[in-house]
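J.: Mind looking over this structure? Questions follow.
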Amino acid sequence: MAKNEEAGGPRKTPEDVRIDSLEERLERAQAREAERTGTKQKGPDENERVGSKVISLLIGGLVGGIAIGWALDRLFDTGGVLLIVGLVLGILGGFWSIIRVAMGSPKPPQGLD
């Protein structure tokens, strides 16, 4: 065994111990401050979720339409026509899905009561 290692692993220098202690105290202080001010980390809000859904529907429709059009184009050897049709249908499908999401349950803004 090397002389700077113990049975549990490498020895910590006094600087390492001080840094570890500082990190622990900093974490405790941040937790106390978050509790005191009531600002704990929150997950994504409703607007972020809807925005992510809209982007995924648009990109998914576009990529899906291109993939299906390309596959049918290769299958029937139509020279790119079905690729363009798939692209247009994918975009229209994405927009239609976005419109359905937008027409979903309207919620009044919070905090105006």
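The values are calculated or read from the model by the stated rules, or taken from the named source; none is laboratory data. If you're wondering where the values come from, they're calculated on a predicted model, not measured in any experiment. Positions of Cβ are generated from backbone atoms using ideal geometry, with glycine treated the same way; all protein chains shown enter the neighbour counts. The area values use the complete protein model at the heavy-atom level, side chains included, leaving out ligands, DNA and RNA. Shrake-Rupley method; radii C 1.70, N 1.55, O 1.52, S 1.80 Å.
J.: Under 30 Å from Asp45 (Cβ atoms), assigned to a helix (DSSP H, G or I) and at pLDDT 85 or above: does that describe Ile91?
T.: Answer is yes for this residue.
J.: Another question, if that's okay. Identify all residues within segment 22-58 that are touching a residue at least 24 places away in the same chain (Cβ under 8 Å) and either over 24 Å from the mean Cα position of the chain (by Cα) or open to solvent by less than 80 Å² (accessible area, probe 1.4 Å) (or both); write none if there are none.
T.: Once the filter is applied, which keeps residues that are touching a residue at least 24 places away in the same chain (Cβ under 8 Å) and either over 24 Å from the mean Cα position of the chain (by Cα) or open to solvent by less than 80 Å² (accessible area, probe 1.4 Å) (or both), segment 22-58 yields Val50, Val54, Leu57, Leu58.
J.: Same structure, new question: List every residue pair whose Cβ atoms sit under 7 Å apart, with the two residues 6 or more apart in sequence or on different chains, where the first one lies in segment 73-90 and is within 15 Å of Gly60 (Cα to Cα) and among the polar types (S, T, N, Q) and the second, anywhere, is modelled with pLDDT under 95 and in a loop (DSSP other than H, G, I, E, B).
T.: Taking only residues 6 or more apart or on different chains, not a single pair turns up.
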